[in-house]
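The values are calculated or read from the model by the stated rules, or taken from the named source; none is laboratory data. None of these values were measured; they are calculated from a predicted model. Positions of Cβ are generated from backbone atoms using ideal geometry, with glycine treated the same way; all protein chains shown enter the neighbour counts. These area figures cover heavy atoms from the full protein model, side chains too; ligands, DNA and RNA do not enter into them. Shrake-Rupley method; radii C 1.70, N 1.55, O 1.52, S 1.80 Å.
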Amino acid sequence: MTPNRLLPTTLMSLLLLAGCAATAPPAAQHAVAAPDNAAQGVAMLERVSWGVNEGSVRQLQKEGWNAYLQAQLHPGKARLPPAVQAQIDAMTISQVPLDQLVMSVEQKRKESAGVMDDMAKQQAQKEYQQELNRLAREAATRSLLLDVYSPNQLQQQLSWFWLNHFSVHQGKHNLRAMVGDYEANAIAPHALGKFRDLLGATVHHPAMLRYLDNEANAVKRINENYARELMELHTLGVNGGYSQTDVQELARILTGVGVNLGPDTPKVKPALQSQYVRQGMFEFNPNRHDYGDKQFLGQTVKGRGLAELDEALDRLSRSPATAHFISGKLAQYFVGDNPPESLVARMEATFRHSDGMIADVLQTMFASPEFRQSLGKKFKDPMHYVVSAVRLSYDDKPILNAGPMLSWLARMGQPLYGRQTPDGYPLTDASWASPGQMTTRFDIARTIGSGSAGLFKTDGPQPQEKVAFPQLASALYYQSLQPTLSPATRQALEQAASSQEWNTFLLSSPEMMHR
């Protein structure tokens, strides 16, 4: 190695050490109302958002920390760059209501099943799958565009967090046609609101009901899949104090709650006609419901139809076990793998006092000394790395193709809507800080840093590509980022032989791996 130049392999070794280093739990200190200095302000911004860029730093400097945070906790309608909004508006999932979209796709499936000629049948089935893939890609593209460009950064982070918490896998049935609506209408609007409203929105969405098989749950044919995950993964937690009997009783409460993918209404017994409910594709069919009384979490639930579900959800969302479980998971996501129990206890108290207002729970966490102590130590999962790299590189310059980002997430094992099991992707540092992961991130940094990522290359038979070399050595870097870098990273940047290499070193630096 030449003495005046730090080679990429040397930076790679620094990167590997940074990724695999353990983080000690933060110590307690007195809370402070605002950042102690500019560097801490940038670190706080990095944690609250998907990653700093020039626009967000300017916004923070203009508004001040408290005003910025309150706007993030209680966001209004997001204003996107016009070119980004135009991309989203042009999508099928933005134009066609979910029930119409799914019925159209289902019609294609039925038509393909009815084709007699083998070759024609194969082609029809291929077209059906291609349409599902196209809709899922639209959903993932829209999600990433909002993550990169929405000014409501905390809401976008929380939308991903809850999408992961209430996880569904797009590969099952026709969920690829549903995931976009699930994220946009069940998750995002409730991401910072009452947990009970969020929980109810997921329970009533066809993506969740199909994914966890509740459409097969009927009296005398009980399916416990959703009831179990509703308590273990979504509310009380694995040690939440429920029994197998509670699972069985909740499954009975959930009988008849399902999905209707077609235009027709089932024939309901005349005595139960008034109990039938259809909202979009959500359906409560009283013919399939167990009307017997249930003993759920130590109390009787009178058999009376869909109202039983509301009673059960009220009880689950207001359980102390749920307050503890959700608070702990939020703290793990924002603070560290093993958040201090004292912090979780304060968040839990806020959860219970506010009746599950998520923004209030986060306010308690952001104001804590434990949160300040953890800044810069939380390792980025693939989503945070990819989105933060694009935000830093291009600020509000609209990308034309999210395909490379989708590819990078798949390479690193965290594709949107791609977790096959209902537990969601792991939130711990150790799950992502492997040598193989670091090597992939270096490749991504080099691709973005050289301007050859393909983010500005349109799809289609005659693709066009705009020049998009990232200008990372900007005022943002010299004024806000450079003071936060270690001497080793600064030395690497000083010895880079080209702008491309300088970009690569910054995007693959140990500091870029943490938030």
Rg to Rh, two decimals, where the chain supplies the alpha carbon set and Rh follows Kirkwood: 1.00
Measure of compaction for the stretch 128-207 (Cα Rg per 2.2 N^0.38 Å): 1.08
Relative packing of peptides 477-483, 153-159 - highest average C-beta neighbours within 10 Å first: 153-159, 477-483
Total formal charge among the other residues, if their Cβ is under 15 angstrom from that of residue 91, Lys/Arg +1 and Asp/Glu -1: -2
Portion, in percent, of the accessible area of the stretch 436-515 that falls on carbon or sulfur, probe 1.4 Å: 47 percent
Accessible area of residue 484 in the full protein assembly, 1.4 Å probe (Å², nearest 10): 60 Å²
The stretch 102-182, accessible surface, carbon-and-sulfur percent (1.4 angstrom probe): 49 percent
0 to 90° range, to nearest 10: angle between helix 54-63 axis and the chain longest Cα axis: 80 degrees
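Do any trypsin sites (Lys or Arg not before Pro) in the stretch 285-354 lie in a DSSP loop with no more than 16 other beta carbon atoms within 10 Å, and if so, which?
Within the stretch 285-354, the qualifying trypsin sites (Lys or Arg not before Pro) (loop, at most 16 other Cβ atoms within 10 Å) are 302, 304, 318.
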For the chain, with +1 on Lys and Arg beta carbons and -1 on Asp and Glu, the positive-most of 40, 73, 497 along the dipole: 497
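Please give the net charge around residue 385, taking every other residue with its beta carbon less than 13 angstrom from that of residue 385, where Lys and Arg add +1 and Asp and Glu add -1.
Here the charged neighbours net out to 0.
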Volume of the Cα convex hull of the stretch 281-364, divided per residue and given in Å³: 134 Å³
Cross-link partners of residue 108 among lysines (Cα-Cα below 27 Å; sequence separation of 8 or more within a chain): 121, 126, 172, 267
Taking only Cα atoms of the stretch 430-515, radius of gyration then Dmax in Å: 14.7, 48
For the stretch 66-198, alpha-carbon Rg and Dmax in angstrom: 17.6, 66
Computed log₁₀ I(q)/I(0) - Debye formula, equal Cα scatterers, no solvent, the stretch 242-390, q 0.09, 0.10, 0.21 Å⁻¹: -0.48, -0.56, -1.14
Accessible surface, 1.4 Å probe, highest first, among residues 103, 438: 103, 438
Spread of Cα-to-Cα distances over 10 Å intervals beginning at zero, given as percent, for the stretch 327-384: 25, 54, 19, 2
Computed [θ] at 222 nm, helices only, for the chain once each DSSP H run of length n ≥ 4 contributes -39500 (n - 2.57): -15500 deg cm²/dmol
Burial order of peptide ranges 163-169, 79-85 (average beta-carbon count within 10 Å, highest first): 163-169, 79-85
Sequence of 411, 196 when ordered by accessible area, the most exposed leading, probe 1.4 angstrom: 411, 196
Order of exposure, largest accessible area first, which applies to 360, 117, 246 with probe 1.4 Å: 117, 360, 246
Debye intensity ratio I(q)/I(0), log10, the stretch 180-315, q values 0.16, 0.17 Å⁻¹ (C-alpha model): -0.81, -0.92
Per-selection metrics, the stretch 241-311 (Cα): Rg and Dmax in Å: 13.1, 42
Crossing angle, helix 244-253 versus the chain [Cα axis fit, 0-90 degrees, rounded to tens]: 70 degrees
Rg ratio (alpha-carbon, reference 2.2 N^0.38 Å) - the stretch 363-407: 1.57
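May I have the convex hull volume per residue, in Å³, for the Cα set of the stretch 300-456?
In the stretch 300-456, the Cα hull volume divided by residue count equals 171 Å³.
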